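Engineer: The structure that follows is given in the form of structure tokens.
The values are calculated or read from the model by the stated rules, or taken from the named source; none is laboratory data. What you see is a predicted model; the values in this text were computed from it and never measured. Here the Cβ positions follow ideal geometry from the backbone for every residue, glycine too, while neighbour counts run over all protein chains shown.
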Amino acid sequence: MEAVKLGKPPFVAAALRVRQLIASLAQKHLAQSAILPPPLLSEPRAHNAEVERVVNSFAVQKATAVSLTDLYRFGLEPTAAQCVRNAQFLHHELPIRFAQRVVDLKELPFGLSEHHLVQQSIGHFEDTVQKLASLKQPNVSEEEEDFACLIASVLLDHRQVPMALACALRELHKARRLSGDEQKLLDRRLDDFFMARISMRFLIEHYIASHACHEGFSGVIASACNPFEIVQQASEDVGILCRHQLGVCPEIEVIGDAWRTFRYVPSHLYFVACELLKNSVRAVVQNSEASKAGTLGAASAGGAGSDGAALPPVRAILVCGGETDQFESVSIKIEDQGGGVRRSEMDDMWSYTYTTASYNFDQDMSFPNATASLCQSGNMKSHMEDPIAGLGIGLPLSRLYARYFGGSLDLLSMEKYGMDAYLSLPHFGDDMEILPPPVAASPSQFGSCSKGRNYQAQ
């Protein structure tokens, strides 16, 4: 199998259309409601007993895991009536899931729940529960459109939450050293929170995207997702980012069958591929002999090094398992010669407080409210401003994205040589979305009776 280079894949244009649709709906909601956007995460928030009562009334209910196949089917050609039914399900389901996230954040141990950024994140989730609870169930198309505008603005207003938690976690890590059992407890709590957050954002994005029929897509689910194209695009974007922030980037080779496709969510695979590739290229650059000898910068200035010629390449190898016309899974191996990590540190790689890099949180937390800024500019913050490392949450989040659809992500390190990451993704089948407990069966209108699985048991 030889490395192949392709043009821009269809998922890029589809993702841009979805992004623009979300921004348009959010802007319409702000104009209709004539309200100010939520405060920045650095502003204080007062306690409200009535809000707490409403949140608790939803939090005690069970979330309803949904069949992924049914979501795909109902997003293919949504009629007005189907859009209303989908909105009715989300109108019932989202307040429960958002309220449970309030409980998750309030129960974070070791003083994290009292951190001002966590408190503000709690406030955002409480505001969302209130908004959803105060909006009557949509029964006609006009009401369904208002509901879509509301949850589009919610989707954007919550974009700062991972950064806020990452900042709070870094401050906790500096203030005290957690024992092994304490770290495992914290990681389990955060796994629950972020897995549920992935599910909420997926449901909202899929519902909104299903309003606009795109060829080859059902909402945000691609009928023929090409993993080679996605990893290739991720490699190009990571290469640009690495050269911008580190001055040089090793060659990234993508090897495998360029024509194989399967039903999947391209944005999820793209996120995981980017995180794994960012880790690999940074490790190669910072642990190369040229970097240690202080000659890497000189090589870059001379031109040849700017293409990573002096660095060992990073390779992404894709293999599809099963029959030729109906494979069962996609396996992706990303290998580098970035030095690896010690065996004793392997478990720490999945911790939300582990990172080998630094990042200026104060600078990034100063970005304005996501909804307002996106509605004004029409696009997201450039990926050139995204950190190549230092947040400490990219790797554990990548594993959750893989597990959400029943996949897996594993690491194998050879100390003083390099790291191999193994990503396995199943064919998009009849399984339920994987959620933290408690979880109820899928609603009857989605026609599924299978049960959700506990992702932490994998």
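Engineer: If you scan the range 314-356, which residues turn out to be assigned to a loop (DSSP other than H, G, I, E, B), at pLDDT below 90 and touching a helix residue (DSSP H, G or I) at 6+ places or on another chain (Cβ under 9 Å)?
Structural biologist: Thr353, Tyr354, Thr355, Thr356 - these are the residues of the range 314-356 that are assigned to a loop (DSSP other than H, G, I, E, B), at pLDDT below 90 and touching a helix residue (DSSP H, G or I) at 6+ places or on another chain (Cβ under 9 Å).
Engineer: Right, here's the next one. Has the range 389-401 got any residue that is buried (at least 17 other Cβ atoms within 10 Å of the Cβ), at pLDDT 75 or above and not in a helix (DSSP H, G or I)?
Structural biologist: Checked against the condition, which is being buried (at least 17 other Cβ atoms within 10 Å of the Cβ), at pLDDT 75 or above and not in a helix (DSSP H, G or I), the range 389-401 yields at least one hit.
Engineer: Out of (1) of a type in the set (D, E, K, R); (2) modelled with pLDDT of 50 or more; (3) surrounded by fewer than 17 Cβ atoms within 10 Å (Cβ to Cβ), the odd one out for Glu385 is which?
Structural biologist: (2)
Engineer: If Asp237 satisfies all but one of (1) surrounded by fewer than 23 Cβ atoms within 10 Å (Cβ to Cβ); (2) in a loop (DSSP other than H, G, I, E, B), what's the number of the condition it fails?
Structural biologist: It fails just one condition, (2).
Engineer: Please go through the range 243-266 and give me each residue that is in a helix (DSSP H, G or I) and within 19 Å of Glu229 (Cβ to Cβ), ordered by number.
Structural biologist: Across the range 243-266, the qualifying residue is only Pro266.
Engineer: For the range 106-119, which positions are surrounded by 21 or more Cβ atoms within 10 Å (Cβ to Cβ), within 30 Å of Ala148 (Cα to Cα) and touching a residue at least 60 places away in the same chain (Cβ under 8 Å)?
Structural biologist: Scanning the range 106-119 gives a single hit, Leu117.
Engineer: In the range 57-112, which residues are of a type in the set (Gly, Ala, Ser) and in a helix (DSSP H, G or I)?
Structural biologist: Ser57, Ala59, Gly75, Ala80, Ala81, Ala87, Ala99
Engineer: Quick one: how many residues across the range 402-412 are surrounded by fewer than 21 Cβ atoms within 10 Å (Cβ to Cβ) and of a type in the set (A, V, I, L, M)?
Structural biologist: Residues flagged as surrounded by fewer than 21 Cβ atoms within 10 Å (Cβ to Cβ) and of a type in the set (A, V, I, L, M) within the range 402-412 amount to 2.
Engineer: For residues that are among the basic types (Lys, Arg) and at pLDDT 80 or above, scanning just the range 28-66, find the one that is farthest from the chain's Cα centre (by Cα).
Structural biologist: Out of the qualifying residues, it is Arg53.
Engineer: Next question. Here is a list of conditions, (1) assigned by TED's automatic domain parsing to the domain that holds Glu345; (2) surrounded by fewer than 18 Cβ atoms within 10 Å (Cβ to Cβ); (3) out of contact with any strand residue (DSSP E or B) (no Cβ under 6 Å at 6 or more places or on another chain), and Arg260 meets all of them except one; can you say which number that is?
Structural biologist: (3)
Engineer: Looking only at the range 429-455, which residues are under 18 Å from the mean Cα position of the chain (by Cα) and at pLDDT 60 or above?
Structural biologist: Passing the criteria: Glu433, Ile434, Leu435, Pro436.
Engineer: So if I check each of Met163, Met195, which one is assigned to a helix (DSSP H, G or I), of a type in the set (A, V, I, L, M) and closer than 30 Å to Asp70 by Cα?
Structural biologist: Selected residue: Met195, the only one of Met163, Met195 that is assigned to a helix (DSSP H, G or I), of a type in the set (A, V, I, L, M) and closer than 30 Å to Asp70 by Cα.
Engineer: Look through Leu178, Leu169 and report the one residue that is farther than 16 Å from Ala99 by Cβ, among the hydrophobic types (A, V, I, L, M, F, W, C), at pLDDT below 95 and part of a helix (DSSP H, G or I).
Structural biologist: Leu169
Engineer: Considering the range 175-193 alone, what residues qualify as being within 18 Å of Ser398 (Cβ to Cβ) and exposed (fewer than 14 other Cβ atoms within 10 Å of the Cβ)?
Structural biologist: Result: Arg188, single match.
Engineer: Please go through the range 181-192 and give me each residue that is closer than 18 Å to His115 by Cβ and either part of a loop (DSSP other than H, G, I, E, B) or in contact with a Leu (Cβ under 8 Å, 6 or more places away or on another chain) (or both), ordered by number.
Structural biologist: Result: Leu186, Arg189, Leu190.
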